[in-house]
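Data first, discussion second: the structure below is written as structure tokens.
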Amino acid sequence: MKRLFPWLVVIVGLVIVLLVVRQLRSGGAATYQTATVTRGPITQAVTATGTLNPVVNVQVGSQVSGNIAKLFVDFNSQVKAGQVVAQIDPALFQATVTQAEGDLANAQAALELARVNAKRTQDLFARKTSSQADLDQAMANLHQAEANVKIKQGALDKAKADLEHCTITSPIDGVVISRNVDVGQTVAASLQAPVIFQIANDLTKMQIDSNVAEADVGVVQVGQDVDFTVDAFPMRTFHGKVVQVRNAPITVQNVVTYDTVIGVSNPDLKLKPGMTANVSIIVAHKDNVLQIKNAALRYRPAEAMSPEMGSRSLAPAGARGLGARQRRTSERTVYVLSGGQPKPVQIKTGISDGVVTEVDESLKEGDRVVTAELTSTAARSSTPANPFGGPRRFP
């Protein structure tokens, strides 16, 4: 044992030295978080929100004022074009028609008298027993009587039209989606026509009026496929197509959007007017392409960034317009982990779905690209440098 004891001391000392050296090396080396280059499908889409509406939605109102005497339809009633849907009390309008008919009859009697007087005056003037002034007066009275008959006839036609407007009919075939009055309620049409019903032409064909941001509207085109969901059916995906991109801008709190109309088929009537739709407009789709995580496009090693660039990276997103433009370019640099160290590789990017991005054949399937640099124990224990170049001093 006495002979082995010195060797044991030497062996233990060597083990301790090796452990210390290994700890120092591992404490000073950086470790990296990586993602594997894979192959698969990518779908680039523009997201937006919108509201489901009928393609044809007619507001049925009243052109006259009065009390609602009868309602012949209710919510969800199927109606045909020309079908009577409501009746306003016609008593006052019937009395107006009767009065207008009396006024017209009185004007017609005055016209007959004016014609007789004009004929008599013409005969007397021909026999030189009446003056020219009497003849002129008789002819003027005749013309006034004729004009008065036209006035009274117009008043009668208006009274009859108002009486007909007491009977409200449906202008289209469809279904009643809204009823805004009850029997006995008074509607006033003095300033604008009050809305009594809203009738949708065909609920099996609907549209989504979605608001697409100005930054995305440039890639939206008529005919593109659309996937959307509604809160009523969160596990079901509905489909549609872009039918119109309207040029009228909509500005809300300095945010400019454009109304994009999406045609939707609704054969089972599951979708209802007014539902909020979460829309994904499919801009591009590719199958079996190389793809990497978007985090790999944002990674830069610490030695590749100057202090000025590092300070700019802390700026808010709205202040990095140049960086945003650079991120949109197709030529990018990523770092592939090789031999424990990141090696820069120049690539060209394609479409992106916000999580992964298509890349060209500069990378190979299975390559490990660096997405982040993990801080080592020694680096965490060290004091961070002041990004402003020196200690802060106070007066």
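The values are calculated or read from the model by the stated rules, or taken from the named source; none is laboratory data. Predicted, not measured: the structure shown is a model, and the values here were computed from it. Cβ: placed from backbone, ideal geometry, glycine included. Neighbour counts: every protein chain shown.
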Output for segment 175-210, where each listed residue is among the charged types (D, E, K, R) and under 22 Å from the mean Cα position of the chain (by Cα): 202, 205, 209
Top-ranked residue of segment 364-379 - restricted to ones that are part of a loop (DSSP other than H, G, I, E, B) and modelled with pLDDT of 60 or more, ranked as surrounded by the most Cβ atoms within 10 Å (Cβ to Cβ): 367
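Per-residue answers, yes or no, for (1) modelled with pLDDT of 90 or more; (2) surrounded by 11 or more Cβ atoms within 10 Å (Cβ to Cβ):
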site	(1), (2)
286	yes, yes
304	no, yes
308	no, no
326	no, yes
The lone exception for residue 203 - which of (1) exposed (fewer than 12 other Cβ atoms within 10 Å of the Cβ); (2) over 16 Å from residue 45 (Cα atoms) it fails: (1)
Residues that are loosely packed, with under 11 Cβ neighbours inside 10 Å and in contact with a Leu (Cβ under 8 Å, 6 or more places away or on another chain), drawn from segment 353-363: 361
Of the criteria (1) at pLDDT below 95; (2) within 30 Å of residue 263 (Cβ to Cβ), which one residue 51 fails: (1)
Residues of segment 226-275 that turn out to be more than 17 Å from residue 46 (Cβ to Cβ), assigned to a strand (DSSP E or B) and among the polar types (S, T, N, Q), as a count: 3
Residue that is farthest from the chain's Cα centre (by Cα) [pool: residues in segment 1-32 that are hydroxyl-bearing (Ser, Thr, Tyr) and modelled with pLDDT of 80 or more]: 31
Residue match in segment 33-40 (condition: within 30 Å of residue 337 (Cβ to Cβ), part of a helix (DSSP H, G or I) and at pLDDT below 95): no
Qualifying residue in segment 108-125 (condition: more than 60 Å from the chain's Cα centre (by Cα) and either under 30 Å from residue 67 (Cα atoms) or in contact (Cβ under 8 Å) with a residue 40 or more places away in the chain (or both)): yes
Among the residues listed as 319, 277, the single one being of a type outside the set (Asp, Glu), over 30 Å from residue 204 (Cβ atoms) and either at pLDDT 75 or above or not assigned by TED's automatic domain parsing to the domain that holds residue 234 (or both): 319
